1. Between the range B:169-239 and the range B:77-150, how far is it from one alpha carbon centroid to the other, in angstrom?
2. Treating the range A:34-176 as a set of equal point scatterers at the Cα positions, no solvent, please give the Debye-formula log₁₀ I(q)/I(0) at q = 0.09, 0.16 Å⁻¹.
3. Which loop trypsin sites (Lys or Arg not before Pro) in the range A:140-232, with loop taken from DSSP, have no more than 15 other Cβ atoms within 10 angstrom of their Cβ?
4. Would you kindly calculate the translational diffusion coefficient of the range B:100-184, applying Stokes-Einstein with the Kirkwood radius from alpha carbon pairs, for 25 °C and a viscosity of 0.890 mPa s, and quote it in µm² s⁻¹ without decimals?
5. Classify the protein assembly as shown from the C-alpha gyration tensor, please: rounded if a/c falls under 1.5, else prolate or oblate depending on whether a/b exceeds b/c.
6. What's the magnitude of the charge dipole for chain B around its Cα centre, counting Lys and Arg as +1 and Asp and Glu as -1 at the beta-carbon? Answer in Debye, nearest 20.
7. Within the range B:182-201, find all residues whose amide N lies under 15 Å from a label point positioned 7 Å from the Cα of residue B:14 along Cα-to-beta-carbon.
8. Between the range A:191-228 and the range A:145-162, how far is it from one alpha carbon centroid to the other, in angstrom?
Amino acid sequence: MGLDFTIIAKNWDYFLWGRTPQGEVGGLLLTVLMALAAGTLSLVLGIGLALASWLGPRSLRTVLTFLADLVRSIPLLLVIFWIYFLVPALFRTTVPGALSVILALAWFSSGAVMHTTLAGLDALPRGYREAGIASGLSEGQVFTAILLPQALRNLVPSYVALFASMIKDTSLAFILNVPELTMTANQVNTRAQIYPAEIFLFTAAVYFVLCAGLSWAAHGLAFRLRPGRVAL
Amino acid sequence: MGLSIDWSGVLTGQPLHWLLSGLVVTLAITLVASGIATAIAVGLTALRLSPVTPVRLATQAGISLIRNTPLLIQLLVWYFVGFGLLPPALKAWMTGDHPWSVLPGQVSLFAPEFAASAWGVGLFIGVFLSEELQAGLNAVAPGQREAAASQGLSRWDTLASILLPQALRNAYQPVVGQYLNLMKLTSITCSIGLAEITYQARQVESFNSHAFEAFAVATLLYLAIGFILERLLLAGRRA
């Protein structure tokens, strides 16, 4: 099978930013923007939830874990639907497709961020907290000044890995016709008809470079941040 | 637009038929893809233990490709590109009529969409399963492998009867998680036209606009399948 990549050369700008010059952000640019927005949201939400369940009563942790697990036992595609159809019904306002996907990804992933953060906190030696209390710090001060900074430092590689899988999950936006990278590729494929191999292999390569690059960076970070190494 | 709920819009007539056949398709694709995933995971684990360095490197590269691209793109590649590369006779058979696989609502279960989906989801989860098995394998003492070799067991026998059972015991919980993940990921196959639960919920929605009811039923079906599957797999550990 001969591959003819001129279809990519002719449409490279469309793959990269879609119809952005016409005022509709799209292509790889939209993929990255959606992942960044959802990533930031779920990081803030997830760490917030982890704080609440770490500092709050035992029952709160049980409830939050249950809720996080409940969202994760539904396919992400359905979570996207729920937001897209339910928010307008409940709040009498429409939500753009891209925003629905961002909210769904943030909701879906903040549970994972919470679990990861709690695991990072659980992994710290008990002596840290005890030493803090013995030095006269309050429970809250011990948490914000001693435990959280150390846990977060250890957790950076895990967060990067979660972000890589978030980039892959933005492809599910096709279901709402959001013109991100996968949808853009689909459009070019429908228009050209005879180059599916070139188009989808190229798209796969773009995702691969992004995600493999990130996991490579995560490995590097894990190595640099490994316990026992003195921070620069 | 307020929220008025009317279950008869989804639980009677044509919509009910669609959702039921969607349920059957989801169960079928989950079953077939799980079989494929299991075979691929075992195969990859064997390849990773190969004494030939290029084999190990190629296996690692393939795993990295699957892990770092979205399942959706992989499904599009298998459906639009992979299917075209099959021998013509096989293609003709796959696209032909299969009266034995017609479900209520005039849905044909076996079609190229089903084959591409089963293979695509199976391969994707197979790779993640092999990563879990690898983690489980790393926790098996090296002496186990050496002892098996000194008993004269072949490498395949060592893997199948000594190493894998222990790796599976070490990684049981994450392995169960991957099979549950597989079941949920079958929802993405609606993108290449497989008429499973999510596809049918969308069809009901465009048929009579009962979006809330249709997605509620779909969500409950996924929760129920996941609940039962998890109980079955966890019972398997005790057996």
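Please treat every number below as a calculation from the coordinates, not as lab data. Everything numeric here is computed off the predicted structure, so don't read it as measured data. Every residue, glycine among them, receives a Cβ derived from its backbone with ideal geometry; neighbour counts consider all protein chains shown.
1. Centre-to-centre distance over Cα atoms comes out at 18 Å.
2. Here log10 of I(q) over I(0) equals -0.33, -0.86.
3. On the way: sites: A:153, A:168, A:191, A:224, A:229; in loops: A:229.
Sparse-neighbourhood loop trypsin sites (Lys or Arg not before Pro): A:229.
4. Stokes-Einstein gives a translational diffusion coefficient of 160 µm²/s.
5. rounded
6. On the way: 12 positive and 11 negative charges, 149 e Å.
Roughly 720 debye for chain B.
7. Only B:200-201 pass the distance filter.
8. For the range A:191-228 versus the range A:145-162, the Cα centre distance is 23 Å.
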